[in-house]
Each structure stands twice: as C-alpha cells, then as structure tokens.
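Quick note: the coordinates plus some simple rules give every number you see, no bench work behind them. Predicted model only: the values in this text are computed from it and were never measured. A quick note on method: Cβ atoms are made from the backbone with ideal geometry, for glycine too, and the neighbour counts reach across all protein chains shown.
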C-alpha cells in the first residue's frame, strides 16, 4: 500500500463510503483532532510511568482509532463496517479514574498544570481532548453523532486529569494549587 495517493492534492479527501469533502470540513477537523489526541496519548505512554497506566493508554489509543473511524464514516452510510464504542469503554475509564483516586489526596482547589514533564504532557493531552470534544459537539449540531463518542471524550479528559495528579504522587513532585487573587 502506498502512503501517497495524490487524491487529496486539491484540498479534498474522502470519508469512509467515498463521499468527497473539503479537508477543512468540520468532520475532518474533528477526527483530525482525535488523531492528534492519539499521538499525544502515545507521548504520555512513552514516559516512565507505571505498567497499568501504559496498558490503559494502549486501550485508549485503540478506542480513539475506533472513534476516528466512526467520525470518518459518511453519515447514514450503513454499507461500511465500522468498529463501535460501547458503554463498557466509558465504564473502563471510570473504573481507572476511581482506582487512581484511591491513592490521591483530596482536591481542594484547581491545580496549576506542571511540576514534571510527564504531568505537563497529561495536561496538554487533556486540552487536546477537550478541543476534540468541542469540535464534535459542534458537528453534532448539524449531523447525527453517536452520543457515546462525546461521553467517551468527556470521560477521557477526566481520566487524563486524574492521571496527571497520580503522576504527581508517583514522581513525588509538588502539586501547585491555584490561589486566586481577590
């Protein structure tokens, strides 16, 4: 399989199912941002973190490919077989969040991103996740979107926030609370 096809040289691309759309189409922007998110997840996975988190992030990356496939499919096209998200995928993230929260101190205020490079990577990734969620939410105003896609991204951003906090504990770095000046 060649990497280059030249079919996108004029600013158009194909959805699964064959429909041609501009590369700046909101749907393309949405699944492109999910692809960016997946790359940042890989960056976190490449850091020195615990095996359970690595395994969870691999699972997340697999689900993000599923999510991207869903978004890249022409709406209403039932001829193309596409993997699907399931409620269990969201429950999996919730269980991982709950497990990490068992060892974390109670959060009493907002925290400033940072303290360690890996923590910062988690926060950047969380922000990309939120951007993907916003784009897909916008897309859902004009086209039908499986609600599990939005739920998954919402839960994933929560997971990434809690993962950042867990890494703060694992790396024994200081979590800096935001103290607003009044």
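Computed quantities for the displayed model
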quantity: Order of 89, 46 under a 10 Å beta carbon neighbour criterion, fewest first; calculated: 46, 89
quantity: Value of D in µm² per second that Stokes-Einstein yields for the chain, Kirkwood Rh from Cα pairs, at 10 °C (1.306 mPa s); calculated: 90 µm²/s
quantity: Square roots of five times the Cα gyration tensor eigenvalues for segment 76-141, Å; calculated: 31, 18, 11
quantity: Nearest-0.05 FRET efficiency for residue 108 and residue 74, computed from C-beta distance (R0 35 Å); calculated: 0.15
quantity: Theoretical FRET efficiency, 1/(1+(r/R0)^6), r = Cβ-Cβ of residue 148 and residue 39, R0 25 Å, to 0.05; calculated: 0.65
quantity: Which of 182, 100 has the fewest Cβ neighbours within 10 Å, and the rest in rising order; calculated: 182, 100
quantity: Residue order, fewest to most beta carbons within 10 Å, for 147, 70, 54; calculated: 147, 54, 70
quantity: Helix axis angle, 117-139 relative to the chain longest principal axis, alpha carbon, degrees; calculated: 40 degrees
quantity: Degrees separating the helix 26-45 axis from the principal Cα axis of the chain, which is the longest one; calculated: 40 degrees
quantity: For segment 17-56: Kirkwood Rh in Å [reciprocal of mean 1/r, alpha carbons]; calculated: 12.2 Å
quantity: Helix-only [θ]222 nm of the chain, DSSP H runs n ≥ 4, -39500 (n - 2.57) each, per residue, nearest 500; calculated: -19500 deg cm²/dmol
quantity: GNM top mover of 130, 165, 20 - the chain, alpha-carbon springs below 10 Å; calculated: 20
quantity: Segment 99-171: relative contact order in percent, alpha carbon pairs under 8 Å with at least 6 residues between; calculated: 49 percent
quantity: Descending principal axes extents, segment 92-182, alpha-carbon based, whole Å; calculated: 45, 35, 24
quantity: Helix 51-71 vs. the chain, principal-axis angle (Cα, 0 to 90°, nearest 10); calculated: 30 degrees
quantity: Sites residue 88 and residue 134 - FRET efficiency at Förster radius 22 Å, r taken between beta-carbons, to 0.05; calculated: 0.30
quantity: Estimated distance in nm for a label pair at residue 19 and residue 181, the labels positioned 7 Å out from Cα along Cα-to-Cβ; calculated: 5.1 nm
quantity: Shape parameters for segment 29-122, alpha-carbon atoms, Rg then Dmax in Å; calculated: 16.0, 50
quantity: Directionally averaged shadow of segment 117-163, computed from the convex hull of its alpha-carbon atoms, nm²; calculated: 2.8 nm²
quantity: Equivalent ellipsoid semi-axes - Cα gyration tensor, segment 59-112, angstrom; calculated: 34, 13, 8
